[in-house]
Each structure stands twice: as C-alpha cells, then as structure tokens.
Number of protein chains: 2
Amino acid sequence: MRVVPGDLTQPEFLEDIVAKHDVVVSMLPAFMHLPVAERCLRLGKHLITASYISSEMQSMHEAARAKGLVFVNECGVDPGIDHMSTMDILHRLRGQGAEITSYESFCGGILAPESPTNPWSYKFTWNPRNVVLAGSGGAVHFVQEGKFKHIPYHQVFRRTKFLDIPGYGRFEGYANRDSLKYQSAYGLENVGTMYRGTLRRPGFCRAWDVFVKLGATDDSYPLERVDRMTHRDFLNTFLAYHPTDRVELKLMHYLNISQDSDLMEKLEWLGLFTDELVGLEQGTPAQVLQHILMKKWTMTDADVDMLAMIHRIEYRLEGSDFHLQSSLIAKGKSADVTAMSYTVGWPVAMATRLVALDLIPERGVVMPNIPSLYEPILRELGERGIRFDERIQRR
Amino acid sequence: MRVVPGDLTQPEFLEDIVAKHDVVVSMLPAFMHLPVAERCLRLGKHLITASYISSEMQSMHEAARAKGLVFVNECGVDPGIDHMSTMDILHRLRGQGAEITSYESFCGGILAPESPTNPWSYKFTWNPRNVVLAGSGGAVHFVQEGKFKHIPYHQVFRRTKFLDIPGYGRFEGYANRDSLKYQSAYGLENVGTMYRGTLRRPGFCRAWDVFVKLGATDDSYPLERVDRMTHRDFLNTFLAYHPTDRVELKLMHYLNISQDSDLMEKLEWLGLFTDELVGLEQGTPAQVLQHILMKKWTMTDADVDMLAMIHRIEYRLEGSDFHLQSSLIAKGKSADVTAMSYTVGWPVAMATRLVALDLIPERGVVMPNIPSLYEPILRELGERGIRFDERIQRR
C-alpha cells in the first residue's frame, strides 16, 4: 500500500492519481464523488463507492457503459449489505415460487451492550451531521397494505416500530424518507407494504423527538449570539419567555414530559441544562446541536459499536402465508476497527477485487442488486463472520 | 370608470394600459406586480399596490427615485393599516419622550358573531392558499424581553396568545414568520420585544394544528390516487395502517384528542370523515386540504366577515411603565363589501388620490410608514368609521 498525500480539490492532483490506477475507490464525502467519476469516465477507469447513486452519477450510466466501465455504488452496509441480503432472500423465495406481499428493512449503527452506561445506547459512529438531519427536509413516504402513507418530519420519531433480534433484545425503527426508492431495484413494484427504516435502542426516538419538537434540528437559519450561547441558552431559544420559570420546567410543560421521565435523564446526561458555552462562533440550530452532542456522543476506547440490520418479509407460497425475519449483528473489534467501518469497508474492498479481476460482466452505473456482486460478496462476508440469522414462521 | 377587458400576460396589452394612465394601481396576484412595475418604471408612471415589498420590487427603488416616481406598496390593511396605525402611535409616544420597550401587533380576518353558527368562527375571506400555507416554509422568529425566540412550523399553532378586544371578546394570536422584518421601518431596532401575529377566535389554532400535525398542509409533494380519494381517505393517508380501527379512533389516539373534544366537532363540521370524493384529479396535501375546506369555508350571503387588529405597546415615560392597547374592528357591510375588501381597498384608493394630487413628496419604493401617507389616510379612514379604540394603563 502506498499513501500519497495531496489535495483532491486540485484538478491536476486528482487527474494524476486517477490516471495512474485501473480501479478507483472513492471513500470521499458524497459530494466529492462527481469530479472523481468524471475523471474515471474520461480516463477509462472503473469506480467503486459506498454512497447513494445521485442523479448526476446516474446520468453517467450510458457514457460509462459505452466506454466499457463499471461504476459500482451503494456497496457499503446501508446502502450495500442491505441490498445484497435483500436480493439474496428475494431471489431464493422467487425461485420457490413465492409471491412477496410485504417488505420492511431496517438498519442502524448504535452502541453494543458491553459499552459503558449510556442512556441513549448511542454515540456517533457515522457522519454526525447526517444523524442530526435524519428525516428532515420533507415528509416520509411508504406503502402499507396497499395504502400510501405520509409522515411529516416532525412526527417521524413518534411513528416508530418495535423489533427484536434473537439474543440481542429489542430495537425501535423509524421510517427513512426513501422507502419507495428501491421498489424497482428489488422488483417489488407491486408489493403491498414497502418500508425502510433506521434502528435505534428503544427510547432513543422519543428523546430525539424532543429536539425535533423544539426545532433544534433546523438547518435553515443562523442563530443569534452563538459565540455567547450556553447549552442552556440553546434550549431556551426554542422555549417561551417567562420571567421566573426554569428552562427545565418550561421544557417539561411545553412537551408534556413528566418529571420522572427518562427523557429528562437523557437530556441531562448530554449536559443540555448546563451553563457550559457551546463553543462555536456561529451556526444553525442543527450545527449547534451537533456540536453539543459531539461532546458526549464521540466514541472512546471503551465504547464498542454495533451494526444491526433486520429484514422482515411476508410472502405467500403454495397457499400459505409466511413471515421471514433475517437479522444481522456486527460488533466493533477495536476502537479503530468499528462495526461501522468494517461493514462498509469490506464490501467495498470485495467489490473492488471483483472489478479488478474482471468478474463483473455488467457495465455502467450499478449497485449490488446484481448476482455478480452480491453472491460472491455475501459468501466472503460470511467467511468473515458477517452472517444473517434467518427465521421463518407460517402465519 | 371604464372597464377594459384584456389579458395582462400579453406584453402589448399591459404596455398599452400602463402607457395610457398617470397612476397605476395593481390589485393583481403578488407575483404579477413585477412586470407591471417594470412598465411603470420605463413609461414613467406611479404605482400603488397592497402587497408586501418583494426584493425585486425593492431593487427598483433607486431607478424609480431617479425618474421622480413613487411606488407605494403594503398599503392595504395587513400590510397597510397596521403600519399606519403603528407609526401614528409611535410618533405620538416618541413626541412625549417615551421609550418603547415592547411591540406586539396582531391582525386577522374572521367571521363576525352575527354570522350563522360556525364552530371555527372562520371562513376564507382572503387568499385560501395563503391561509392553508400560513406559517409554513420555515421557523418563526421574534424577540421577547431581549431574547431571540424561534418556533418551528409544527409548533406555531400551539404557541398562541390570548387577547381581548373591549366589546368583542376573546381572540387568539399565532406568530407570523416575519416578526423582525419591520424593526427598522418602525424605528424599533432596540426594542426588547417584537412580535407580529395573526388573530383567530379561541380554539381555531388548536384545531388547525391537527392538520399541521398530520402533515396535511404540506405543499411539497403530490399525493397518490387523488382522483379516487375521499375526505376520509385523505385523513387516513397520514394515519398509521390498522386492519380494523376507524379513522376517527386512529386520529384521536395519534394526536391525543379526547372523544368529547371540540376538535372532533370542528373536523366533523368540515365533513372530513365522510366518504365524499375530494373532487380533484391531483394535488399536494395542501391543495387537497384547501379544496375540502372551500366546500365549507366559502362565504355565503348570510355570513358577515370581521377584520380585527390589535397593537400592544409597552413604554417607559417619566419613570413609569405603561401598557397601551389599540384595537380595531371592521365588519362586512354586505356579501360584496366585505370587511376584508374595504379595509384593503380604501387605503389603496386614498393613497392613489394622494399620489395623483402629488401630495406625497417621497420618491422611490415606499410603504405607509411615512407621515405623508399615514396621516391623511388614517384621518380619512376615521371619517369612514375605521377608528382604533385605545386604552392605556400604568403598569
């Protein structure tokens, strides 16, 4: 392995580094994939990313195909392993002649039980900004029992579902914005229920909902006087003025939180009621919240992270109805090798090798819903201990 | 008076009609003022509108001034009479040497008590789309007791204030998005409290909040199968799936509404639980909601509308603190001459005469916060019965 330090925003450097290799893997922030992809297209290099296929990326499909290139995207864990494990199950069920009637899929990165006590069972193990903004920017859409359902952002964290993973206890899932996005990629255009969600430990969503209800996740306007703002001031900016009532009381009254609720414990654990300065010069509510959260939600060496994924699929086979649950747990191996890092990194590495060895016949912009990708990668992941637990019940 | 029918989106027709007059009054939808203003600028005509000054309109200020033109905007009731009456009070108080410490202003068009029974005390008397979208599109900002306050859209209708108008009973006010907008126009840059709101009868906001909480006022995405959708289906699209529970029960449970609540009566009165078809081919949630509301919230000959405006101003004078409330009630005179129409139309007409008689020395883009406009217009409005009731209390 050779590490070359440089500035990828410099066109010459980027050009040079792409030109010198056969396959380019971009683990850059998503918005930086595009200049990389453009060079790959021009210089005739294959490309691998773990990111969602943007419309700009998709627009390169025909050109990449014409040049005999494959641009593999969404090849991490979510998106990535979710696509692969879903397609593997659906392919098998369809081979048996099953008709899929309901598809639900959940994934989330949280803390493993062996981590030090944390009332949220949560720390940032992925892009903190994306966590703070999760679900924002519009309503959430899904289909259930043939009916279209829409949840406004401010209700997303109250419309949760409980799920259990054998041996790992209970989780809760909230809806992702893009539940309908993969209907065609999965061949589920006519399925009655299509739902994709994010997993947390029970209680997380109700507590996170406090921030949503306050408006503390808003990223659309700058707050005033952030340089002089304390954590407590931050909460107070979303609460009505009162000459004497404390911030705690105003919050509990506003959001109908009882004194002995675990919500208050969770907020206190984050230090939200303290007079500590935020420590930013300026920022939107979302930026200030993220900065405060990072003080407590940054992983330490003692923390062990955990990746959980659940697919719940209902199908009809030979006149009977079945319910299948397939679940995956992956835990961090060390402070450096977190579950999040290796469940994203391994599929990317495996896809890169498959592309380098010319084992992927597809060309153009693809994702791992194709057997040439998901079959070998799932097999290799299984050899490394990433295996799904599958349980089927007749209903 | 001469009525000339024609299509104002046709440049020749617009050009011709502007060219033939000395003063142009645009009562068009706000987005159509701009092409009119551009012709006025080029052809050297004064302009009057009752609409908010857009940034595009403001950008014509220097050019209009250079050509010796005056473009009077925000000269209806809200904006309009609110500016005039505010400036009249502030000018008088400042003349006495008072220091303004708090400014709150509210205005709303509702139904007068003599209208037929209506649990909302409300029908559309102004642009229905603006009513449905009121407060949406971002957080609401204001200052209270020197502290900046921010309310997310989904809480706006829960953070209301009660207000009383002598002889007319109780009202409730919810915050407008633009409370800080007129600080400089009013010379209130250093005031501790600056709040602008909309008036309704008590109970309206809690009931309207049901639509907000459901996500039914969202205008950002098209609903599915609108052509086959009933009122009841519309509600159900925002409620969780359940194989047997009724829409009514799901709604009450979701939003924590008790069975005997007046909220359910208000929703039933609107026919929201019926199996009546919406009657649109397609639409966003906000468009469908507006269409359903218009079935019940369209004024009949029996309805009498009412315009209510309240200013609450606190000030310090010679070592004492005072509270001033100035309120206005204007009622509709007939089905044609609604309160909304004449409180908007009269100030526009009066400003037009003042401009035509060259009694306004100011040039460029202005609003009626200038004495040359508000003094004669308030005097003339008073002669027509539009008078504020003012009460001052030492605190």
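The values are calculated or read from the model by the stated rules, or taken from the named source; none is laboratory data. Since we're looking at a predicted model, the values are computed, not measured. Ideal geometry is used to build each Cβ from the backbone, glycine not excepted, and the neighbour counts take in all protein chains shown. The protein model used for the area step is the full one, side chains on, heavy atoms only, and it has no ligands, DNA or RNA in it. Shrake-Rupley method; radii C 1.70, N 1.55, O 1.52, S 1.80 Å.
Summed over the stretch A:79-114, the residues that are open to solvent by 20 Å² or more (accessible area, probe 1.4 Å) and among the polar types (S, T, N, Q) give a count of 2. When the stretch A:190-220 is filtered for residues that are of a type in the set (A, V, I, L, M) and part of a loop (DSSP other than H, G, I, E, B), the ones remaining, listed by number, are A:Val191, A:Ala216.
Note on the stretch A:115-135: residues that are over 12 Å from the mean Cα position of the chain (by Cα) and open to solvent by 30 Å² or more (accessible area, probe 1.4 Å) total 4.
More than 16 Å from the chain's Cα centre (by Cα), within 14 Å of chain B (Cβ to nearest Cβ), not aliphatic (A, V, I, L, M) and not in a helix (DSSP H, G or I): is that true of A:Thr101 in this structure? For A:Thr101, the condition - more than 16 Å from the chain's Cα centre (by Cα), within 14 Å of chain B (Cβ to nearest Cβ), not aliphatic (A, V, I, L, M) and not in a helix (DSSP H, G or I) - is met.
Residues in the stretch A:118-154 that are at pLDDT 95 or above and of a type in the set (S, T, N, Q): A:Asn118, A:Ser121.
Among the residues of the stretch A:245-256, those identified as within 14 Å of another protein chain (Cβ to nearest Cβ) and not acidic (Asp, Glu) are A:Val247, A:Lys250, A:Leu251, A:His253, A:Tyr254, A:Leu255, A:Asn256.
Scan the stretch B:20-55 for residues that are over 26 Å from B:Ser341 (Cα atoms) and either of a type outside the set (Gly, Ala, Ser) or assigned by TED's automatic domain parsing to the domain that holds B:Tyr182 (or both) and the total you get is 6.
The number of residues in the stretch B:146-180 being assigned to a strand (DSSP E or B) and within 9 Å of another protein chain (Cβ to nearest Cβ) comes to 5.
In the stretch A:111-145, the qualifying residues are those that are of a type in the set (Val, Ile, Thr) and closer than 23 Å to A:Leu293 by Cα, and the one that is nearest to the other protein chains (Cβ to nearest Cβ) is A:Val132.
Within the stretch A:221-244, the set of residues being under 21 Å from A:Asn256 (Cα atoms), within 11 Å of another protein chain (Cβ to nearest Cβ), within 30 Å of the chain's Cα centre (by Cα) and not in a loop (DSSP other than H, G, I, E, B) comprises A:Phe234 only. Taken as a whole, the structure leaves B:Glu268 outside the set of residues that are in a loop (DSSP other than H, G, I, E, B), charged (D, E, K, R) and outside the structural domain of B:Ala98 (by TED's automatic domain parsing).
To keep it simple, each residue is scored yes or no on (1) surrounded by 15 or more Cβ atoms within 10 Å (Cβ to Cβ); (2) under 19 Å from B:Gln155 (Cα atoms).
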position: A:Tyr221; (1), (2): no, yes
position: A:Arg225; (1), (2): no, no
position: A:Arg228; (1), (2): no, no
position: A:Leu235; (1), (2): yes, yes
position: A:Ala240; (1), (2): no, yes
position: A:Val247; (1), (2): yes, yes
position: A:Asp260; (1), (2): no, no
position: A:Glu276; (1), (2): no, no
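Restricting attention to the stretch A:7-26, the residues that are assigned to a loop (DSSP other than H, G, I, E, B) and open to solvent by less than 60 Å² (accessible area, probe 1.4 Å) add up to 1.
Would you confirm whether any residue within the stretch B:159-167 is closer than 18 Å to A:Ala216 by Cα and surrounded by 15 or more Cβ atoms within 10 Å (Cβ to Cβ)? Yes - at least one qualifying residue is present in the stretch B:159-167.
Output the residues belonging to the stretch B:249-289 that are touching a Ser or Thr at 6+ places or on another chain (Cβ under 6 Å) and of a type outside the set (Asp, Glu). Answer for the stretch B:249-289, where residues must be touching a Ser or Thr at 6+ places or on another chain (Cβ under 6 Å) and of a type outside the set (Asp, Glu): B:Leu277, B:Ala286.
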